[in-house]
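Before any comments, here is the structure.
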Amino acid sequence: MPLGRGQCPLFAPLKRPLVAPSPTEAPLDPNMNPNNDSPTAPSQNTAPGPQPAEEPAAGAAPANGMPPGAAGLEQELADLKARHTEVSDAYLRAKAEAENIRRRADEDMAKARKFAIEAFAESLLPVKDSLEAAIALPNASNEQLLEGVHVTLRQLASALERNKVVQVSPPAGTKFDPHQHQAISVVPAEQEPNTVVAVLQKGYLINERVLRPALVTVSAPK
């Protein structure tokens, strides 16, 4: 008896029993194509999962709004401002002190110019007193007047010496010094040529500076 197409055991549908996957087998990936071993791209409507937190970019300002190292820069700026204040105060003090020193120096120089001869004038007062005392004695003898003149001369010489005024009176035979002597004439003499023969007027030095040269006569060359 011939069998129909639907009754042929070769064309009967194969029925496989449902077998649970063993624990060792990996579960099927829903994205895996059953006809291909490679996974397929996820669908566009896949729900997004939790995203990782974004790291701050390099050089970005922190949450408090201050760039890195700003605290150290602010401290350095504060120290520089304090140092600037200290230096400025020291400068103003030094400037005021220099101004005071300059003013005092100007005042001292003005006083020195104004009262330069104060000590010299004071040393001459005894000389004036002696002269006035001599005039007050109209009936004084010649010996008294001569003695009074010698006393007054000693007082005057002492006053000059205290003020560094020294007389120049070279003895005869002293070599002529054009810096301290002034030759009035050249005379023949029995001594070395170009030496002092006689002093006609004494000279004076003040602090080793010629105040007045001595007037002298000088021996003529032989």
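Based on the Cα gyration tensor of region 87-156, what are the three equivalent ellipsoid semi-axes, each the root of five times an eigenvalue, rounded to whole Å and given largest first? Please report the intermediate quantities before stating the final value.
On the way: eigenvalues 601, 15, 7 Å².
Semi-axes, largest first: 55, 9, 6 Å.
Which of the residue pairs Lys128/Lys202; Lys114/Lys164; Lys164/Lys222; Lys111/Lys164; Lys202/Lys222 have a Cα-Cα distance greater than 29 Å in the structure shown? Don't skip to the answer; put the middle values down first.
Numbers: Lys128/Lys202 22 Å; Lys114/Lys164 19 Å; Lys164/Lys222 39 Å; Lys111/Lys164 21 Å; Lys202/Lys222 27 Å.
Lys164/Lys222, as the Cα separations exceed 29 Å there.
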Log10 I(q)/I(0) at q = 0.15, 0.26 Å⁻¹ for region 174-222, from Debye over equal alpha-carbon scatterers, is -0.36, -0.87
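Readers should treat all values here as calculations from the given coordinates under stated rules, not as data from a laboratory. In this text the structure is predicted, and so the values were computed from the model without any measurement.
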